[in-house]
Amino acid sequence: MGRSGLTVSRLGLGTIAWGRDTDEHEAREQLELFVEAGGTLLDSAPEYGDGQAEAVLGSLLGRVVARESVVVSGRAGLHQRGDGLVHDTGRGSLLAQLDTTLTRLGTDHLDLWVVHGYSPGIPREETLAALDTAVASGRTRYVGVALESGWQLGWTIGHQQAWPSRAAPVAVQAEYSLLRRDVEAEVLPAALDLGVGVVAVSALGRGVLTGKYRNGVPADSRAASPHLGPFVEPYLKGWAQGIVEAVATAADGLALSPLEVSLAWVRDRHGVASALVGARTAAQLRGVLAVEAVTLPGEITDALDEVSAT
């Protein structure tokens, strides 16, 4: 992960569907498949199912997989309140959320704790002080940030490295896929220069790059789900169709699936430490894990770069 001592698998298992669309039995199958394939990075967040995902993961840690054999990543800064999410990165709120996460997971520490940017009106120094406290108290081994621009990432690293007792982020989570490449303008170059590992979130374009929506919205898909539909909908617009079709064409020519092509593309981008993927079923995850045997030819990568350029 960047220039840190934290080592993670090239693919990370996201748990956004756990506890709501994926029950504990299916989650257990996913975890077993992922670990057997050599995966180590497990990512969750308190807003996933209003804590249900963390609870399911916690029920499996130590029972299905040894706690010390995986890298558990958690987040803080977003709270489910009523029908929406509230962004709060005050020190008290962040540390309280971290303690709740640890209780749900049934562990005394995270391996990576990621904070969602900064809230308006709350000093950045206060937010970053929560990272220092979390590391100093042993509640997390490493820290990271999300939703940061290039200049914000640079400011954060500079501030944290200015004093030896501060915890400097080793990771930045950013949405990155063939459908979302704006990270390449600032965040990716900044991360490379600062020695911070990029964790690609929504690496399959919120599921759209699998090609499942080429002929409509399947009834059992995320886009048909009342709670995830609004998340997928922006990528079902006409502008994305050409990119999806280019991926499908490349997949046909390589005898691969669109999922394998699009995931291999982002996984192998310079600076990406790990690409997070979330599956609803164990069968879907098997298809995801097949990408570890895939390396795209240079001419295919170049063609996809060109067609998806913004």
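The values are calculated or read from the model by the stated rules, or taken from the named source; none is laboratory data. Note that the structure is a prediction, hence the values are computed from the model and not measured. A quick note on method: Cβ atoms are made from the backbone with ideal geometry, for glycine too, and the neighbour counts reach across all protein chains shown.
Things to note:
- When the stretch 1-30 is filtered for residues that are within 14 Å of the chain's Cα centre (by Cα) and not in a strand (DSSP E or B), the ones remaining, listed by number, are M1, V8, S9, R10, T15, I16, A17.
- Residue match in the stretch 54-62 (condition: in contact with a helix residue (DSSP H, G or I) (Cβ under 9 Å, 6 or more places away or on another chain) and either of a type in the set (S, T, Y) or part of a loop (DSSP other than H, G, I, E, B) (or both)): yes
- Complete set of residues in the stretch 125-150 that are assigned to a strand (DSSP E or B) and within 18 Å of R3 (Cβ to Cβ): R141, Y142, V143, G144, V145
- Of the residues screened, V72 is one that is buried (at least 22 other Cβ atoms within 10 Å of the Cβ), over 25 Å from D83 (Cβ atoms) and in contact (Cβ under 8 Å) with a residue 24 or more places away in the chain.
- Of the criteria (1) touching a Gly at 6+ places or on another chain (Cβ under 6 Å); (2) part of a strand (DSSP E or B); (3) farther than 20 Å from T15 by Cα; (4) not small (G, A, S), which one W113 fails: (3)
- Any hit, the stretch 102-120, residues being of a type in the set (S, T, Y), more than 22 Å from V199 (Cβ to Cβ) and modelled with pLDDT of 95 or more: yes
- Residues (of a type outside the set (G, A, S) and either closer than 20 Å to A264 by Cβ or part of a loop (DSSP other than H, G, I, E, B) (or both)) located in the stretch 153-172: W163, P164, R166, P169, V170
- Residues located in the stretch 75-95, provided they are surrounded by 15 or more Cβ atoms within 10 Å (Cβ to Cβ) and either among the acidic types (D, E) or not in a strand (DSSP E or B) (or both): G77, D88, T89, G90, R91, S93, L94, L95
- Filtered residues of the stretch 113-145 (kept if among the charged types (D, E, K, R) and exposed (fewer than 15 other Cβ atoms within 10 Å of the Cβ)): E125
- Taking the conditions (1) surrounded by fewer than 19 Cβ atoms within 10 Å (Cβ to Cβ); (2) at pLDDT below 95; (3) not small (G, A, S) in turn, E148 satisfies each one other than (1).
- Count of residues meeting criterion [buried (at least 20 other Cβ atoms within 10 Å of the Cβ), outside any loop (DSSP other than H, G, I, E, B) and in contact with a Leu (Cβ under 6 Å, 6 or more places away or on another chain)] in the stretch 31-53: 4
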